[in-house]
Amino acid sequence: MDPEPERSAGVIEARSQPATDPRGGAWERFEQLYRSSRDDVYAYVATLLRDPAAAEDVTALAFERAYRRRGTFDRRRGVERAWLFGIARNAALDELRRRTRVAALVVDPEDVAAPSVADGAEVALRRTAVRSAIAALNGREREIVALKFHGGLTNGEIGRVLGISETAAGTLLYRTMEKLRRACDANG
Amino acid sequence: MRTADPEPLEPEMEAALEAIDATLAGDPVDPRHAELAELALILRDERPPAGESFAVAMDARVRDRFSVASGRRPRSWRAVRLPRRPAKGWMVWAPVGALAAVVLVIALVTLVPGGSSAPGSVSSGASSAPGSGGAGTAASAGSASANSSAARSTNTGAGPPTAPSGGERQVVQSARLALSTRPGKIDAVSQQVFDVAGSAKGYVANSSVTATGRSSSNAEFQLRVPSANLQQALSQLSRLRGATVVSSTNSSNDITGQVGGAGRRLAEARALERSLLGRLANAYTTEQIDSLKAQIRDANATIDRDQAALNRLHAQVRYSQIALTIQGSAAAGPTGHGGGFTLHRAGHDAVRVLVVAAGVLLIALAVAIPLALVAALAAWLSLRLRRRRRESALDRA
C-alpha cells in the first residue's frame, strides 16, 4: 500500500511565534507542509536537475511560491503534497528550460560510479549498477523515480502532479522499474 | 491535463506496485518480488540529501515567512528568479474595467442625442438652410423691406433697392405639427395654442376648433410667428399640457432668387418711370403728353404690383407659418410633457429605463462574450504552450 506521506526528517521547528496570519490556519498548514515535505521536495528536484545548488534554489523558490499562493489551495482538487510538488515541478522544469536556453546542462556533480565505502562489495556493485541505470533513464522516467522514491508520493499523488490518472502513473512507474531492473541485470 | 483511467491495471503490474509500496513502508513482500523490493530500497537510498546549511537557511526563511528584508538568504544561493505575478485583484479588476469601459462607450453611443431620437421630439435644425439662421433672416428681411419702402418714395439711384446682398439667403420656413389629446381637452389645448402664439410675438392667422366631446373633436390652426421665434414656438407647442405630439414636419424654401427677381423688376419699373417723367418734361404736343402720362400710369401700376410682390416675399421670410392640427383621441395620453408626476407616468418611465438598460446590457454582452471567448482561448493556448515547453525541457534533460 501507499506509504505515509510525511517522510522528511530532521526539519527544524520553524514556528517561533503564534500564528497571526489573517487567513486563519493557512500559515499553520503551510508550516506543517513545509516540515513534512522540505527534504522530499529537495530530493525530487535534485534528482530532476542533477545539480545540488540549482536544486536548493528551486526548492526555495517552490516553497516561496507555495507560501504566496497558500490561500489558493483547494482541498477538493487534491492533497497539499501533490499541490506542492506540482509547484516544485513547474519551477524545476522552468529551470531546465532556462538552462537549455543559456548553456548546456550542468554535469552531474557526483560520480555515479563511485561506490560508498561503507557498503559491502556486492551491495556496492549493485548500487553502482542502479546509478548507471538511473543515469540512462530519460527525463520522464527519472522524474517518476524521483517522485516515488525521493519525493515519497503515492501513485495517486504522482498522477495529480503529472496531470495523469493514477493508473497511468502506476503503469509508468512499473515500466520504469522494469527498465531499471533490466538495465541492472545487464550491467551486473 | 488529467486523463481518465482507461482500464484497471493488470494483476501482475498491480502486484508489483503493491510490492514496491510495501517495501517502502517496511512491510514484508512476496519472495517473487524480492528483486523488485531490493531495487526499490536502493532507489530510496539514492535519495539526494539536503545540505545542512540549506536546511538551516530554509528554516530561517520560513520562520521569517519569506520576508525579503530579512536578509537571511545564504550568499551561496543564487538570486531566486521569482516571477512576480500580477496581484490577484488586478487580474480580476482588469477585465471588469475593460468591460465597464465597453459598456460606457456603447451607452454613450446609444444615448447621445442624434443616435436615436425619442418619439415625438421636434427635430430642430431640420429646416435650416445654410446661412439662414432664423433671427438673421428675419432681421435681414425686415431691413430689406425698410429699404424697399424708402426706395419707393425717395430712391432715385439706378441700383435695385431690395436686391439681397451677396451671400445672404432669403429662406421661408414652415412647419406642420399634429397633436393628439383627449376629446374633452380640445378647448383647453386650443387656448394654449393662442397663448403660445402670443408669447412668440406671432398671431393666429386662422383657426377652427370643433369640440364634440368625442373622438371627432379636432382643431386646426394656421399660426404666423417671427422666424426668429419659430423653434421656440414649436418647442412650446410640443409641450402643451394634455397633448402629445403625433408628428412634426419642418420644411424650408430658399426664395433668394425670387426676391432678387422681384427686386430687379421693381428697379426696372422705376427706371422706366423716371425715363417717362423725363420725356414728359420735354414733351410739347398734347398727344405726346397724353401718351406719356398713360405710360407713366402703367409704369406706376407695375411698380405697385412688383412692390407688393416683394413685400409678400419679405413677409414670408420674416414670418414663418405653422400648420397645427389637434385631433381628439381617447387613446391619447392623459398628460403630455410637463403634466406633473403620476404613478402611470413614473411606471412608464421606469419601464423605458429598464428597456434601455437591457438593450445596453445586451449590446455589451454581444461585444464582451466574443472577447471573453477569445481571451479564454488565448489563455488556454498559452497554458498548453507553456506546459508543452516544460515537458519538452524534461524530454531534453
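Matching residues to (1) closer than 22 Å to residue B:310 by Cα; (2) open to solvent by 50 Å² or more (accessible area, probe 1.4 Å); (3) in contact with a Phe, Trp or Tyr (Cβ under 8 Å, 6 or more places away or on another chain); (4) not in a helix (DSSP H, G or I):
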position: B:207; (1), (2), (3), (4): no, yes, yes, yes
position: B:220; (1), (2), (3), (4): no, yes, no, yes
position: B:237; (1), (2), (3), (4): no, no, no, no
position: B:252; (1), (2), (3), (4): yes, yes, no, yes
Note to self: Quick check on residue B:256: is it under 18 Å from residue B:310 (Cβ atoms), in contact (Cβ under 8 Å) with a residue 40 or more places away in the chain and among the hydroxyl-bearing types (Ser, Thr, Tyr)?
What the structure shows: yes
Notebook entry, point to check: Of the residues that sit in region A:6-38 and are modelled with pLDDT of 85 or more and open to solvent by 20 Å² or more (accessible area, probe 1.4 Å), which one is farthest from the other protein chains (Cβ to nearest Cβ)?
Noted result: A:32
Item checked: Single unsatisfied condition, residue A:139 versus (1) surrounded by fewer than 20 Cβ atoms within 10 Å (Cβ to Cβ); (2) at the interface with chain B (Cβ under 8 Å from one of its Cβ atoms); (3) closer than 15 Å to residue B:39 by Cβ; (4) not polar (S, T, N, Q) -> (3)
Next item on the list: Select from region B:23-41 the residues that are open to solvent by 10 Å² or more (accessible area, probe 1.4 Å) and at the interface with another protein chain (Cβ under 7 Å from one of its Cβ atoms) and write down the one among them that is farthest from the chain's Cα centre (by Cα).
Entry: B:35
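The values are calculated or read from the model by the stated rules, or taken from the named source; none is laboratory data. Not measured: the values here are computed from a predicted model. With ideal geometry, Cβ positions are generated from the backbone for all residues, glycine too; neighbour counts draw on all protein chains shown. The protein model used for the area step is the full one, side chains on, heavy atoms only, and it has no ligands, DNA or RNA in it. Shrake-Rupley method; radii C 1.70, N 1.55, O 1.52, S 1.80 Å.
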